[in-house]
Amino acid sequence: MGRLSDKVAVISGGASGIGEATVKLFIEEGARVAFSDRDRQRGIALSKEIKSRGGDVLFVEAKMELEDQAIAFVQRGADHYGQLDILVNNVAIRMFQTVVEASQESWDTILSVNVKSYAFCAKAAIPLMHARGGGSIINIAANNAVIAGINTVQYDTTKAAITGLTRGMARAHSIEGIRVNAVCPGPTYTPFHMKRAKTEGLNEEAFKEEFARPLMIKRPGTPKEIAACILFLASDESSFVTGSCLFADGGQTAM
């Protein structure tokens with residue numbers, strides 16, 4: 001029996017990186033999973049891969065920044081499986097602009113994807129979880145919530161907002177048996193960063209070494225390591241944990 005046996009989870013941004021690792025780990029732990037992603041091709045491929053191994057998964061293509069699509073995604077997962085126990089808000093985009101360079105349009109875009117989509121999915125999920133007697137919501141923030149990235153003022157702002165959203169929802173919905181927590185990853189080597197390495201003309205090892213320079217643990221994290229933190233907060237092992245922000249960043253924020 002897995003730690004998520006008889007549980008149903010919905011996961012946004014689940015087709016690559018941390019999201020993909022979380023989908024796969026939840027399946028391994030006995031959950032049935034609905035996941036969304038804007039990358040239709042990758043979403044379909046991942047769904048087929050998991051089903052070929054006997055996992056119960058549903059892929060939904062959706063633009064999570066749109067309220068109707070975010071709500072429909074959560075509802076579709078719940079309807080498909082007949083219940084909802086876990087929501088993982090993972091979708092995110094980055095923009096590399098200073099506050100002087102950033103336009104209203106770019107602010108609207110990143111806030112819609114990185115913050116509003118979390119609220120929209122939670123808006124749909126909370127009543128469904130309440131009907132089940134409780135549930136767990138995990139919001140993926142970043143250690144950028146408390147430390148500044150390089151030329152990522154908009155991304156940093158949204159990640160700080162997610163931690164505030166997490167605390168506010170935790171306090172509002174604990175009476176309904178719903179726990180709300182955040183995971184704040186630090187440098188994690190995902191396909192996004194693989195592309196960055198190629199763009200910067202660095203081989204994988206050189207990029208990882210530079211990426212991990214500010215960490216106590218002198219290597220970047222892996223998506224599976226972050227997924228393990230998400231699993232803990234989704235499972236009953238964290239039954240006394242709510243309103244928290246778990247930093248999984250190789251010690252960066254402690255230095």
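Each reported figure results from applying straightforward, stated rules to the coordinates on display, with no laboratory input. Source: prediction; values computed, not measured. For neighbour counting, all protein chains shown are included, and Cβ atoms are generated from backbone atoms with ideal geometry for every residue, glycine included.
With each label modelled as a point 7 angstrom along the Cα→C-beta vector, the residue 160-residue 253 pair spans 1.3 nm.
Ranked by the mean number of other Cβ atoms within 10 Å of their residues, highest first, the peptides 48-54, 28-34 fall in the order 28-34, 48-54. Placing a pseudo-label 7 Å from each Cα along the Cα-to-Cβ vector at residue 225 and residue 75 gives an inter-label distance of 4.1 nm.
For the chain, the Kirkwood radius over C-alpha pairs fed into Stokes-Einstein at 20 °C and 1.002 mPa s yields D = 117 µm² per second. A Förster radius of 35 Å combined with the Cβ-Cβ distance from residue 123 to residue 150 puts the calculated FRET efficiency at roughly 0.55.
Dipole magnitude for the chain: computed about the Cα centre from +1 point charges on Lys and Arg Cβ and -1 point charges on Asp and Glu Cβ, it is near 200 debye.
At an R0 of 25 angstrom, the distance between the Cβ atoms of residue 206 and residue 61 translates into a FRET efficiency of 0.10. From most to least packed by mean Cβ count within 10 Å, the peptides 62-71, 235-244 give 62-71, 235-244.
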